[in-house]
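Written below as structure tokens is the structure these notes are about.
The values are calculated or read from the model by the stated rules, or taken from the named source; none is laboratory data. Quick caveat, the model's predicted, so the values are computed rather than measured. Methodologically, a virtual Cβ is constructed for each residue, glycine included, from the backbone with ideal geometry; neighbour enumeration extends over all protein chains shown.
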Amino acid sequence: MSQMNRQIRLAARPVGALKPEDWSHVSEPVAAPGEGQFAGVTRFISLDPAMRGWLDDRPSYLPPVGLGEVMRAASVVEVTESSHPGFAPGDLVVGSFGVQEQVVSDGRGALKIEPSLAPPATFLGALGMSGMTAYFGLLDVGALKEGETVVVSGAAGAVGSLVGQIAKLKGCRVIGIAGGAAKCALLTEELGFDAAIDYRTQDVRKALREHAPDGVDVYFDNVGGEILDAVLTRLAMHARVVICGAISQYNNETAVQGPSNYLTLLVRRARMEGFVVFDYAPRFKEAAREIAGWIAAGRLTVKEHVVKGSVDDFPAVLQMLFAGENTGKLVLELE
């Protein structure tokens, strides 16, 4: 193990889009693991839109990352040394270890993974928080029923690509909203979506009238803003709008753009509900078993966008999320 640990820490509260000066690149000595601890090297780091919200000093479902603290992130770590009874050298472990090259942990919140079941990056995506978010957001919050029409925004992203495929597995018609012809082709030609709408070149409301003439039963929203407003105009009776995220609003320097068409909820007797996936933690194993079964049977396609680099590349790779440059789950693999 190297004697120095490279880390990315939060240097300033960002205003609007993230900037290089919002981060500090730090090296500090590596501590040896004590009794009941293990040490390891980071192999993969998860990049998620929610990270932007963790940087703002305002109430949320998690405390904000503190100034000067290591950036919060889920990662896969290979254990190199252990004084913990539950972990041995060579184990691969997933947990919230932060953006750093090396880790010393007491094992709380850490789970051993079996790389023979899936590539390690998949345990940060389809078999990690992305999969849990798609599964419980669609099936529990969205209360999906067979034969319904489902629309998902951010459909080529880590969560959206899974939401659409799970809805198809459950016998629904699925329409994805994404940016660019290549992403829309991926949705219909590879992932089995019934239709795709390119929000960059198409009129979303007009396209929804075409593809969902009887209305939208479940809308899984990852982007907020104008797209949410457009879908609200097309809700079916007793529709459910699942608020997962609002990536279009995270870098706003002014007030968040709220839905102006919310009265459709009244007219259509619909509901709009947000959720936090951690509330479903007691049921994660249930979801992981079903998702793993779908993957093994070839019924669910996992899309991962793995960028190889160093810890110092984290700020630039994170920006890919907000530029719409990733397809599927974005992961930084440390070389």
Discussion item. I need a count of the residues in region 114-126 that are out of contact with any strand residue (DSSP E or B) (no Cβ under 8 Å at 6 or more places or on another chain) and within 22 Å of VAL307 (Cβ to Cβ).
Written reply: 1
Worksheet item: Pick from MET4, MET71, MET51: which is out of contact with any Phe, Trp or Tyr (no Cβ under 8 Å at 6 or more places or on another chain), within 27 Å of THR122 (Cα to Cα) and of a type outside the set (D, E, K, R)?
Response: MET51
Practice prompt. Determine, yes or no, whether PHE136 is touching a helix residue (DSSP H, G or I) at 6+ places or on another chain (Cβ under 8 Å) and among the aromatic types (Phe, Trp, Tyr).
Written response: yes
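I'd like to check something: does region 111-121 contain any residue that is more than 23 Å from GLY157 (Cβ to Cβ) and either basic (Lys, Arg) or touching a Gly at 6+ places or on another chain (Cβ under 9 Å) (or both)?
Scanning region 111-121, I find at least one residue that is more than 23 Å from GLY157 (Cβ to Cβ) and either basic (Lys, Arg) or touching a Gly at 6+ places or on another chain (Cβ under 9 Å) (or both), so the answer is yes.
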Item to complete: Go through region 38-67 and give me each residue that's loosely packed, with under 14 Cβ neighbours inside 10 Å and of a type in the set (Lys, Arg).
Response: ARG58
Worksheet item: Considering region 231-274 alone, what residues qualify as being touching a residue at least 40 places away in the same chain (Cβ under 8 Å), within 16 Å of GLY137 (Cβ to Cβ) and part of a strand (DSSP E or B)?
Response: ARG240, VAL242, GLU273
Worksheet item: Got at least one residue in region 285-294 being under 22 Å from TRP54 (Cβ atoms) and in a helix (DSSP H, G or I)?
Response: no
Discussion item. Residue under question is ARG240, and the condition is that it be buried (at least 18 other Cβ atoms within 10 Å of the Cβ) and among the basic types (Lys, Arg); does it hold?
Written reply: yes
Worksheet item: What number of residues within region 307-321 satisfy the criterion of being crowded, with 16+ Cβ neighbours inside 10 Å and either at pLDDT below 95 or under 26 Å from GLN249 (Cα atoms) (or both)?
Response: 7
Worksheet, complete the sentence: Being loosely packed, with under 15 Cβ neighbours inside 10 Å, among the aliphatic types (A, V, I, L, M) and over 15 Å from the mean Cα position of the chain (by Cα) narrows ALA270, ALA288, ALA281, ALA292 down to just ALA281
Worksheet item: Is one or more of the residues making up region 44-64 within 25 Å of PRO119 (Cβ to Cβ), in contact with a Pro (Cβ under 6 Å, 6 or more places away or on another chain) and part of a strand (DSSP E or B)?
Response: yes
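Yes or no, residue by residue, for (1) of a type outside the set (A, V, I, L, M); (2) on the phi < 0 side of the Ramachandran plot; (3) more than 19 Å from the chain's Cα centre (by Cα):
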| position | (1), (2), (3) |
| --- | --- |
| TYR135 | yes, yes, no |
| VAL151 | no, yes, no |
| ALA155 | no, yes, no |
| GLY171 | yes, no, yes |
| GLY176 | yes, yes, no |
| GLY179 | yes, yes, no |
| LYS183 | yes, yes, no |
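Going by the conditions given, is THR42 under 21 Å from the mean Cα position of the chain (by Cα) and either among the charged types (D, E, K, R) or not assigned by TED's automatic domain parsing to the domain that holds GLY157 (or both)?
For THR42, the condition - under 21 Å from the mean Cα position of the chain (by Cα) and either among the charged types (D, E, K, R) or not assigned by TED's automatic domain parsing to the domain that holds GLY157 (or both) - is met.
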